[in-house]
1. Obtain the nm distance between the two label points defined at THR458 and LEU278 by a simple spin-label model: each point lies 7 Å from its Cα along the Cα-to-C-beta direction.
2. Can you compute the charge dipole magnitude of segment 13-123 about its Cα centre, using +1 on each Lys and Arg Cβ and -1 on each Asp and Glu Cβ, nothing else charged? Give it in debye, rounded to the nearest 20.
3. If you fit an axis through the alpha-carbon atoms of helix 83-95 and take the longest principal axis of the Cα set of the chain, what angle between them do you get, 0 to 90°, nearest 10?
4. For the pair ALA352 and LYS396, what calculated FRET efficiency results from E = 1/(1 + (r/R0)^6), where r is the Cβ-Cβ distance and R0 = 56 Å, to the nearest 0.05?
5. Tell me, PHE76, PHE272 in order of fewest to most beta-carbon neighbours within 10 Å?
6. Neighbouring Cβ atoms within 10 Å as the yardstick, rank HIS428, HIS445 fewest first.
7. Positive end of the charge dipole of segment 214-305 (Lys, Arg +1 and Asp, Glu -1 on Cβ, about the Cα centre): tell me which of ILE255, ALA240, MET279 has its Cα farthest that way.
8. Of ILE131, ILE95, ILE83, which is farthest along the charge dipole of segment 53-153 in the positive direction, counting Lys and Arg as +1 and Asp and Glu as -1 at C-beta?
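What follows is calculated from the coordinates using simple rules that are stated; it is not laboratory data. All of these numbers come straight from a predicted model, not from anything done at the bench. Counting neighbours? That spans all protein chains shown, and the Cβs are built from the backbone with ideal geometry, glycine included.
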Amino acid sequence: MPLWDGRFSQSPAEQVLKLSESISYDRRLYPYDIKGSLAHAKMLARQGIIPKEDARKIASGLKQVKKELDSGKFVFKTELEDIHMNIEARLTELIGPAGARLHTGRSRNDQIATDERLYLRQQDDEVCEAIRGLQYALWKLAADNEKVILPGFTHLQHAQPVLFAHHLLAYMEMLSRDMERLADCRHRINRLPLGAGALAGSTLPLDREFVAKELGFEAVLQNSMDAVADRDVSIEFLSALAIVAMHLSRLAEDIAIWFSQEFSFVEIGDAFTTGSSLMPQKKNPDIAELTRGKTGRVYGALLGLMTTLKGLPLTYNRDLQEDKEGLFDAIDTIKLVLSTVSAMLATVKPKAERMLEAASDPALMATDLAEALVRQGVPFREAHHQVGCFVGACAKKGITLAQADLAFMQKSIPTATPGFLKIFNPIHSVAARDIIGGTAPSQVHAQLCKWAKQFGATMPSATKKSKK
Ligand code: ARG
């Protein structure tokens, strides 16, 4: 019979057990469940609610249970439903009647909410650390290839030349905002539900502030009904993860495109690509594709949990048990993808010549030409029109912009000077974009140095120089 058997005369039906058990997946919460119980028991004794001797027995018993769980020797029982009752039952087996005092002033409703917050707080830290790892990999790839130029794209069409490092650093910014979001949401995660009881608080003089301090929570949740009913912090955490997944997916897509034969901008190490079972010549960017593909399940977890919550009356309803599997899966997925992509990036090598060749199409410097006219005092719209006519005339004649002579250029751009003919150089083009956030090597170098400082790393260019 279950621990709540008092008013029942029959055990739950077999199907009921199958549908209602959560021990098959909530067992991963055991370190947090034990941590929470240790703090709770300590508080109960301090408040004179249970004998000090019993609290001492509970503490040593819980440590024994933790040992069994850590070593994998713990025997989980499905009929005990969840991690809370599995641990409590084993504790009572070990220490006898004192174990029966642990659940004083507590419900599984505030217990699970507490376990989840402790778990989320830890995961928040671990995901941030993994993002940091990816940032380092991006920085290293960028810093090792500081001078490499490739075409920047809009609409997947050649737009303007940019530094490869500039492109990679765009993801650094996105990932930094992801970490800001996670750090911000950590404050809201880090509040204590315990003491809410089933929903209304307790008639016993529980010291919630003490428990919060013991568990490292920043504050105590101020409404017992809110404390057991909501899962908004899980939703917030999942939405932060969904944004991380979206950023990873775009990075993966860039890499898959660059790796295609048509682009052929990068090489990826053999250990991070896969072959085809049929076509012997194939080398596929499966890691990038899976990174893109995994995004769906992270979004799914977010949408699933929001859907679970939306129709629930206050306070706790058993539906809330469904908050776990998607959350766990999303966290595992993000951590796995972050570490794999970081390792893959360490094997990525840009094909600098091929990239420069693509970025050397003179059409990519059409904007530079228009801006040269702006410097002469021509209004931008007029400049844009003249250069547009020039591009059209070149296309009609079947020549590139760089193949036109001054006389031909002046037919469309009357004020063109001989200097205009020298604009079609991607190296000059990137160097000229020398404003904050621009792709000029001086700007990008400053950014790379800023990141290097954050990582406590040395710029590869600095070590090269000092070797000479
Ligand atoms: N396993 C449950 C969950 O995860 C714990 C809380 C159960 N509470 C209850 N009143 N049945 O939500």
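1. Placing both labels 7 Å along Cα→Cβ, they lie 5.2 nm apart.
2. Dipole of segment 13-123, to the nearest 20 debye: 600 debye.
3. The angle comes out near 40 degrees.
4. After rounding, the FRET efficiency stands at 0.95.
5. Ranked by crowding around the Cβ, least crowded first: PHE76, PHE272.
6. Neighbour counts put them in this order, fewest first: HIS428, HIS445.
7. Working it through, the farthest residue towards the positive pole turns out to be MET279.
8. Result: ILE95.
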